[in-house]
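The values are calculated or read from the model by the stated rules, or taken from the named source; none is laboratory data. In this text the structure is predicted, and so the values were computed from the model without any measurement. Here Cβ is always computed from backbone atoms with ideal geometry, including for glycine, and neighbour counts include all displayed protein chains. When the accessible area is computed, the model is the full protein with side chains, heavy atoms only, and any ligands, DNA or RNA have been set aside. Shrake-Rupley method; radii C 1.70, N 1.55, O 1.52, S 1.80 Å.
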Amino acid sequence: MSGVFLKLDPTNWETEESPYGEEMDMFRASVRAYFEREVEPRQREFEAQGTDRAIWRKAAEYGILGATIPEAYGGPGAGRFAIMVAAEELGYAPSGATAGSFIGTDICTNFLVDYGTEEQKRKYFPRILTGDCIQAMGMTESEAGSDATAIRTSAVRDGDEYVINGSKIYISNGAKADVVYVLCKTAPELRGRGISCIMVEKGTPGFTQRRLITQGYAGGDTGELFFDDVRVPVSNLVGTENAAMGMFLPNMALDRLQIIARSMGAVQRAFEMTLEHCQNRKIFGQRLIDFQNTQFMLATMETEIRVGRAFYNSLLRKTRDNTVTEAESAMAKIWMTELEFRTLDTCVQLWGGQAWMDEHPISRMFTAARVQRIFAGATELMKSQLGRRYLA
């Protein structure tokens, strides 16, 4: 095998300049070091009890949290690319398959950056930067997933307070979040135009958080949330009342892109590990790589990954220029997440029985890949959105 196949690192995947830029590539190095040194050695602990405060504070020490917080508030003031880089490294790290969305929920910080009041920024930004404020997005309900306008959780104004009732489910970091950005119906008769975003803090009377056990992301702290006459001050409203959907749509587009980034990182790492395995594993007196079928399987994977990387890089450049379209992000969501599942399935086949063992990183990455085709808009929804364009 030629040496060009040995490493598929995102910083040198192509000969052209990285679309992220030099500053973000330095940030990438910090994120990768964090996962290798701090998260990977503890992934079994997280499987048993979820992440702990110590690992979040370690992320703060590496300068990973609150990347988009402006310098005026003590943050790095990085662009939204930081979210993408962190997501790609989350996928690249085998421990990310255990930790779940984890630091990816730092995307919530953008709500405060863009729409938070001065009081909210002064209160939460310092805690986010130190890892003392774990955030979660409370949008999904049992009867309202992709269609956010169908949510039933309500918030009724009572003097200087909102009274919140309802529930949320499948919330990343929901089991341990210190603050949840809850989407509530404040004007139910207006449907999508009557939804508000209200922050609810851990420990508020009537607010219950329950950890859910998931098929993958064993340490991901996925949670179910219950609101029983939860009273919060009106000052917890983020942005304008009844205007949450306008706030969420740009962030949801970025959330979709970070899912795509995670898939990109995962396929790269899985291919690297599997190629090395095939070069070293011997069967019937030959290396696994010496079999033509193995070569064909690897060649197919690498070709598809390189096509995916070219598409992904084009999206990064369009994201930088704010020209990426809804259709393009939908196509990328379809291609990348389906590619991740195909690639991991092939890797399991080439590793054989080892990859069927739960302790093997490929096993964990394979299981984690399954939810990617559901997160941030299922494949079928993406196809439906694309298909409607043909009827115009």
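Table for the structure above
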| read-out | value |
| --- | --- |
| Condition broken by residue 106, with the remaining ones in (1) open to solvent by 10 Å² or more (accessible area, probe 1.4 Å); (2) modelled with pLDDT of 95 or more; (3) part of a helix (DSSP H, G or I); (4) closer than 22 Å to residue 46 by Cα satisfied | (2) |
| In region 16-41, residue most open to solvent (accessible area, probe 1.4 Å) [restricted to those that are part of a loop (DSSP other than H, G, I, E, B) and among the charged types (D, E, K, R)] | 17 |
| Residue in region 117-128 that is surrounded by the fewest Cβ atoms within 10 Å (Cβ to Cβ), counting only those that are in contact (Cβ under 8 Å) with a residue 60 or more places away in the chain and over 17 Å from residue 176 (Cα atoms) | 119 |
| Selected residue (criterion: farthest from residue 241 (Cα to Cα)) from residues of region 109-146 that are among the polar types (S, T, N, Q) and in a helix (DSSP H, G or I) | 130 |
| Any hit, region 246-267, residues being surrounded by 16 or more Cβ atoms within 10 Å (Cβ to Cβ), touching a strand residue (DSSP E or B) at 6+ places or on another chain (Cβ under 7 Å) and under 19 Å from residue 112 (Cα atoms) | yes |
| Given (1) under 23 Å from residue 84 (Cα atoms); (2) assigned to a helix (DSSP H, G or I), index of the condition residue 298 fails | (1) |
| Within region 42-67, tally of residues that are assigned to a loop (DSSP other than H, G, I, E, B) and either open to solvent by 20 Å² or more (accessible area, probe 1.4 Å) or over 16 Å from residue 28 (Cβ atoms) (or both) | 6 |
| Extreme residue, modelled with the highest pLDDT, among residues of region 57-103 that are closer than 19 Å to residue 256 by Cα and polar (S, T, N, Q) | 68 |
| Test: residue in region 147-162 that is assigned to a loop (DSSP other than H, G, I, E, B), closer than 24 Å to residue 84 by Cβ and either more than 18 Å from the chain's Cα centre (by Cα) or among the polar types (S, T, N, Q) (or both) | no |
| Leading residue by the ranking (farthest from residue 299 (Cα to Cα)) among those in region 347-363 that are in contact (Cβ under 8 Å) with a residue 60 or more places away in the chain and open to solvent by 30 Å² or more (accessible area, probe 1.4 Å) | 361 |
| Any chance residue 115 is closer than 25 Å to residue 315 by Cα, of a type in the set (Ser, Thr, Tyr) and modelled with pLDDT of 95 or more | no |
| Residues being surrounded by fewer than 19 Cβ atoms within 10 Å (Cβ to Cβ) and of a type in the set (A, V, I, L, M) - total across region 134-145 | 1 |
| Looking only at region 146-169, and only at residues there that are touching a strand residue (DSSP E or B) at 6+ places or on another chain (Cβ under 8 Å) and closer than 27 Å to residue 98 by Cα, the one that is surrounded by the fewest Cβ atoms within 10 Å (Cβ to Cβ) | 167 |
| Among the candidates 204, 274, 240, residue that is under 28 Å from the mean Cα position of the chain (by Cα) and within 16 Å of residue 174 (Cβ to Cβ) | 204 |
| Index of the failed condition, residue 131 passing every other in (1) open to solvent by 20 Å² or more (accessible area, probe 1.4 Å); (2) in contact with a helix residue (DSSP H, G or I) (Cβ under 6 Å, 6 or more places away or on another chain); (3) under 22 Å from residue 72 (Cβ atoms) | (1) |
| Checking residue 324 against (1) closer than 12 Å to residue 257 by Cβ; (2) in contact with a Leu (Cβ under 6 Å, 6 or more places away or on another chain); (3) in a helix (DSSP H, G or I); (4) open to solvent by 30 Å² or more (accessible area, probe 1.4 Å), the condition it does not meet | (3) |
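Residues are listed down the side, and each one gets a yes or a no for (1) in contact with an Asp or Glu (Cβ under 7 Å, 6 or more places away or on another chain); (2) at negative phi:
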site	(1), (2)
214	no, yes
217	no, no
225	no, yes
228	no, yes
234	yes, yes
238	no, yes
245	no, yes
262	yes, yes
271	yes, yes
